[in-house]
Amino acid sequence: MNATYDVVIIGAGAVGSLIARELARYQLSILLIDKNSDVGEGTTKANTAIVHAGYDAKPGSAKARLNVAGNRMFEILCGELDIEFDRCGTLVAAMDADDLRTLEALRERGIANGVPGLEILDAAATLAHAPALNPAVRGALWAPTGGLVDPFQMALGAAENAVMNGVELALETLVTGFERQCKRLQGVVTDRGTFYTRWVIIAAGLWADDLMRKAGLTGFNIRPRKGEYYVLDRRTAEVMRSVLFPCPTPVSKGIMVTRTIHDNVLLGPNAVHVDDKNDLDVTAEGVDEVWQGALKLVPGLDRRDVIRSFAGLRASGSTDDFVISIPDEPQGLVVLAGIESPGLTAAPAIALQVCEMLREAGLRLDEKPGFNPLRRAVPRLAQLSLAERRVLIEQDPRYGHIVCRCEGVSEGQVAAACHGPIPARTYDGLKRRTRLGSGRCQGAFDLPLVIDIMARELGISPLEFTAKGGASRYLVNPEEAGG
Amino acid sequence: MSLPHWDVVVIGGGPAGMAAASEARAEGAERVLVIERNTEAGGILPQCVHNGFGLRVFGSDLTGPEYASRWLRRAEMAQVEFMLQSMVLEINADRRVLVSGAGKLHELSAGALVLATGCRERPRGALNIAGSRPAGILTAGTAQRLVNIEGYMPGKRYVILGSGDIGMIMARRLTLAGAQVLAMAEVLPYVSGLRRNLVQCVHDFDIPLHTSTTVTRTIGRERLEAVELCAVDQHWQPLCETARTIACDTLLLSVGLLPEIELARMAHVGLDPLTGGARVDESLQTSVPGVFAAGNMVHVYDLVDAVTESALRAGRQAARYVLGNRLTTAVTPQTIELGVNIHHVVPQVLHLTPELDELVIELRVRSPIEQPVRVEFLADGERVVSQRLRYARPSEMIVLTLKPDEIACLQRAEHLSVNCRPWES
Amino acid sequence: MAETREIICVTCPMGCTVQATVENGEVCDARGQACKRGVAFAREELLDPRRMLTATVALKGGVLRRSPVRSERPLPKAMLLRAAEVLRSVTLQAPVAQGQVVVADILGSGVDIIASRDIAAEVLS
């Protein structure tokens, strides 16, 4: 059987999408598969959205090396792909003498990992950096290379750029197994047929271990660790501009208080092992733990500013470190597993490493002459100058029609998101591309308007419009329930 | 470059905006503009197809669309100008306004601004309900718009959390539309909306109402499949042993309204944490000179007629400000102390000038008192106004209108306070 | 034999509780109401309960998709659900004028259902 593709990548999260985009530089036929209705719908969409400096991981580990290497790539990557990124620096706050010793240990580890600019601040300097911090703070580790990013935009930006450069994307495609010929994988079996390929890359986050087993690799397990979060109104970000970590514990970096790239404030996460990889339920105990933890760092938080809570799952593996390998058998397979924090920061470096591994394993990487590394996001109206907005409105009057009051999103942006290289097809997809519905009214104002706009742009019945694919429809047939 | 100028610019074309604009014209302001984000004026009224509006203002029982059309006609007769489908993006304390609409960005300036931005519904995030995040959870007002304006049906089997008026009205509306309302849960021991709505929307249709009960969990990954209801103790803490699950496809939230203050904040208008709205003085002027506030963005009213009445005063005062006919405010501003069982008072600030001849105090109580009460306004401990009411409920705003001789008593006082307590026989 | 019933008056937002004493099918005493409309309401509520019906009906060719409607006067309470069902199968054609009769004499009640607003016809571009 002849291979249709050179590479099939399973999983269009930040890691899979960045690999697709990196491989798109070469003369290869590539397919990127994801079981969800959009890219970045797994671990990518729900995490703390921090670009870590790299002082956490054990020196010599893949986590340490790829964190620091990935961190350095963000300016260029985010510039090329039009992803919001702010290298604003991060703080780890020490509340007592033990914590101060921990800071020293973190600093030494950071230096060993090659993290530049680490500095231990005294209490006064810490409070100057972060005036909202608990005044009982004793000091902090300042990491100037830490920053904030939009993780979904990383996956989307990379995947869109990959698609622009010839990569095929198959969403809502579930991998059910593999076809082998002797020792080599030759096909990826899905609910939409079998795709034949020379190489398979598993970048499936929480489901990496299941796919590894399907490919015949045992011994590696993922046990998801849930993290719950609160999102606070922008109002809070006016006084809380910093990225604040508590001192880490053995299992987690702790419950932090951070501004987001979109100027909300995020609290969390806690860390609870769960068995179900689909369990994204928020629990009363979990968010309470988050709130109590956050108050330790910033005592002035006000519950009335909470606009949303959500949960994400960390793809914690049974090894301490990232698994990035080409196993001896089956051949033709690259495995990426256990890519938990700092996986987002490391992702650009992981993508480079995967390319190198494939080259060494014999895949010919000939540069593609027409590769275009640049991709533009949907215009971010709220960030444009008046003159820039005028130009947009002149080109398309729909940019003057604001449909989301809280985030200032226009009908023009909704339409643009529906016609990008990877179109928004659901409300959540639209929300992640434009910020629509993510402000304080949480969609109460925009939903009735957006249903009609999306139905028109996507050419579907309003009844078919969903929150996140599948059965998540907003409307029922009025014939069946009055009208 | 000089910007297009209006004497009075009203932001928001709902009941407050239409009344304020009409009255500003009647008071003599030349050019009055209403900026409205919707395709037509009326604010929330076009989707409030039920009756119960206009009893106080017009002496007749009107539906929302009928009430809106009367005010729209008035505004048109008064030659108020409208800028529809236009969203105000920014305002500042110098009363410059940036508007996005009709394929164009407009900048304009105003002699006086009236903020009539209304209110919004408290969203789910503020409620802290555990569980999944499926489709099928929406505010009662969003459902009302979908059903009454867009002609869509958001579900078949509903649970409603909160017994606010919109929630009760939607319980009836959905029942009449052929859907099932399986339960209405209210965390308080009493209904938070009007009693007439309890009768004609809930009791009339045998909708199961559970007070001291809340929704503790939502179940369903893609579309809502069920909710968990739990009784609560007097501190609103769920009693886990009472938890029960109700299969449903939609959860409507009717858990309170919050003044829409985004633009007010931009202009650095002072806010009242108790109302969540703008702080205003006796003329409904905010802390920013020339910026007035009307209707639900000051504090959330329970009747549109009361919104209209307050907005008329705001429009009148805005016109007087522009025309230079305003009473001097060169007196020391006074505040009103919130005494026994008073949740908040509007206005928060009083300039008790000798010329002041109109003073309306609106207030809400903290806890219900189901027996005759005395509402009293004290000046240095002396009772200036005393009103006997048959009961006091947080859901029903209390209004005190002071006569000129009563206002005169306040002017000499150093300390003002309001109380509401059981009538002593 | 006299019997006292508690009725919440829905005529206005005050929602007075009226204690109505009924004897031989007639209200002979009423207390608790703030105005005389409370007495009239209590009488009607006990002998012939009625409510306004408000709803929306489908609309074709208009700038909106639904037209709000109301009963011109209160309908017998027992008729509300059936009347609403009738309205679910009504489709109006724009333009609509406020007060226009949508369903005359609904269910033989003697009460008309009327449109509660003007809606212009859609301008075809």
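The values are calculated or read from the model by the stated rules, or taken from the named source; none is laboratory data. Note that this is a predicted model, so its numbers are computed, not measured. As a convention, Cβ positions derive from the backbone with ideal geometry for all residues, glycine included, and neighbour counts pool all protein chains shown. Accessible surface is based on the protein model in full, side chains and every heavy atom, while ligands, DNA and RNA are left aside. Shrake-Rupley method; radii C 1.70, N 1.55, O 1.52, S 1.80 Å.
Average 1/r across all pairs of distinct alpha carbons in segment A:336-384, invert it, and you get the Kirkwood radius: 14.2 Å.
Out of C:GLU72, C:GLU23, C:GLU45, any idea which swings most in a Gaussian network model of chain C, alpha carbons joined below 10 Å? Among C:GLU72, C:GLU23, C:GLU45, the largest GNM mean-square fluctuation belongs to C:GLU23. You can think of it this way: the chain between A:ILE326 and A:ALA123 has 68.3 nm of extra reach, that is 0.36 nm per residue less the Cα-Cα gap. Taking a straight line from the alpha carbon of B:LYS156, these lysines sit under 23 Å away, with near neighbours fewer than eight places off in the same chain left out: A:LYS468. Chain B contacts chain C over a buried accessible area of about 2800 Å², both sides summed; the probe is 1.4 Å and only protein chains count. Net charge of the neighbourhood of B:THR332, taken over other residues with C-beta under 14 Å away and scored Lys/Arg +1, Asp/Glu -1, is -2. I need the calculated FRET efficiency for the pair B:SER2 and B:HIS415, taking r as the beta carbon distance and R₀ as 35 Å, to the nearest 0.05. The formula returns an efficiency of 0.15 here.
What number, rounded to the nearest 500 deg cm²/dmol, is the helix-based mean residue ellipticity at 222 nm of chain A, given -39500 (n - 2.57) per DSSP H run of at least four residues and division by all its residues?
For chain A, the value works out to -9000 deg cm²/dmol.
Site pair A:ALA471 and B:ASN92 shows an inter-label distance of 5.4 nm when each label is modelled 7 Å from Cα along Cα→Cβ. Normalised by the number of residues in chain A, the mean separation of alpha-carbon contacts (under 8 Å, six or more apart) gives a relative contact order of 19 percent.
Chain A against chain B buries an accessible area of about 4200 Å², both chains summed, 1.4 Å probe radius.
Just to be sure I understand: with springs between alpha-carbon atoms less than 10 Å apart, which residue in B:GLY339, B:GLY256, B:GLY111 has the highest mean-square fluctuation in the Gaussian network model of chain B? So, out of B:GLY339, B:GLY256, B:GLY111, the one fluctuating most is B:GLY339.
Legend: calculated FRET efficiency, A:ARG376 to A:THR249, from the Cβ-Cβ distance at R0 = 51 Å, rounded to 0.05, equals 0.80. Quotient of the Cα radius of gyration of segment B:1-153 and 2.2 N^0.38 Å, N being its number of residues: 1.18. Legend: mean number of C-beta atoms from other chains within 10 angstrom of residue C-beta atoms, peptide B:46-57, equals 4. Remark: the protein assembly as shown carries 38 Å² of accessible area per residue (probe radius 1.4 Å; ligands, DNA and RNA excluded). With a simple spin-label model that places each label point 7 Å from the Cα along the Cα-to-Cβ direction, the separation between B:PHE205 and B:ASN325 comes to 4.7 nm. Exposed loop sites are taken as GluC sites (Glu not before Pro) in a DSSP loop (any state but H, G, I, E or B) with at most 11 other beta carbon atoms within 10 Å; the longest stretch of chain A without one runs A:1-478.
Scoring C:105-118, B:297-310 by mean Cβ neighbours within 10 Å over their residues and listing the highest first yields B:297-310, C:105-118. For segment C:54-115, the relative contact order is 39 percent, taking Cα pairs closer than 8 Å that sit 6 or more residues apart in sequence and dividing their mean separation by the residue count. Within the listed set B:THR242, B:THR353, B:THR216, the Gaussian network model of chain B (springs between alpha-carbon atoms below 10 Å) gives the highest mean-square fluctuation for B:THR242.
Could you order B:HIS5, B:HIS343 by accessible surface area, starting with the largest, using a probe radius of 1.4 Å?
B:HIS5, B:HIS343
For a label point 7 angstrom out from the Cα of A:GLU238 toward its Cβ, which stretches of segment A:373-391 have the backbone nitrogen within less than 20 Å? Zone members listed by number: A:382-384. Our estimate of slack between A:ARG390 and A:ASP279, defined as 0.36 nm per intervening residue step minus the Cα-Cα distance, is 35.5 nm. Can you give the local net charge around A:PRO59? Use residues other than it whose beta-carbon is closer than 14 angstrom to its beta-carbon, Lys and Arg +1, Asp and Glu -1. Taking every other residue near A:PRO59 into account, the sum is +1. Could you work out the percent of alpha carbon pairs in segment C:3-48 separated by over 15 Å, rounded to a whole number? Percentage above 15 Å: 28. The mean number of partner chain beta-carbon atoms within 10 angstrom of a residue's beta-carbon across peptide B:68-74 is 1. Shown are C:ARG31, A:ARG234, B:ARG383, whose ranking by accessible area with a 1.4 Å probe and every protein chain present, most to least, is C:ARG31, B:ARG383, A:ARG234. Accessible area per residue was computed with a 1.4 Å probe on protein heavy atoms; B:SER60 scores about 30 Å².
Which whole number in µm²/s is D for the protein assembly as shown by Stokes-Einstein, with the Kirkwood Rh taken over Cα pairs at 25 °C and 0.890 mPa s? This corresponds to a translational diffusion coefficient of 78 µm²/s. Label positions at C:ARG73 and B:THR401, each projected 7 Å from the Cα along the C-beta direction, are separated by 3.2 nm. Ligands, DNA and RNA left out, the 1.4 Å accessible surface of chain B is 50% carbon and sulfur atoms.
Residues within the reach of a label modelled at B:CYS240 (point 7 angstrom out along Cα to beta-carbon, backbone nitrogen below 15 Å), restricted to segment B:178-202: there are none. Remark: mean inter-chain Cβ contacts per residue of B:211-223 equal 3, using a 10 Å Cβ-Cβ cutoff to other protein chain atoms. Express in whole angstrom the spacing between the alpha-carbon centres of segment B:153-196 and segment A:354-384. A separation of 52 Å, based on Cα centres.
Largest first, the extents of the alpha carbon coordinates of segment C:54-115 on the three principal axes equal 34, 19, 15 Å. Within the protein assembly as shown, antiparallel bridges make up roughly 70 percent of the DSSP beta bridges whose residues both belong there. Only beta bridges with both residues in chain A are counted; by DSSP, about 70 percent of them are antiparallel. Just so you know, the averaged projected area of the alpha carbon convex hull for chain C sits at 9.0 nm².
Each Cα pair under 8 Å and six or more residues apart adds its separation to the average, and for chain B the resulting relative contact order is 15 percent. Scoring A:302-309, B:157-164, A:271-278 by mean Cβ neighbours within 10 Å over their residues and listing the highest first yields B:157-164, A:302-309, A:271-278. Between segment A:68-135 and segment B:230-294, the alpha-carbon centres lie 37 Å apart.
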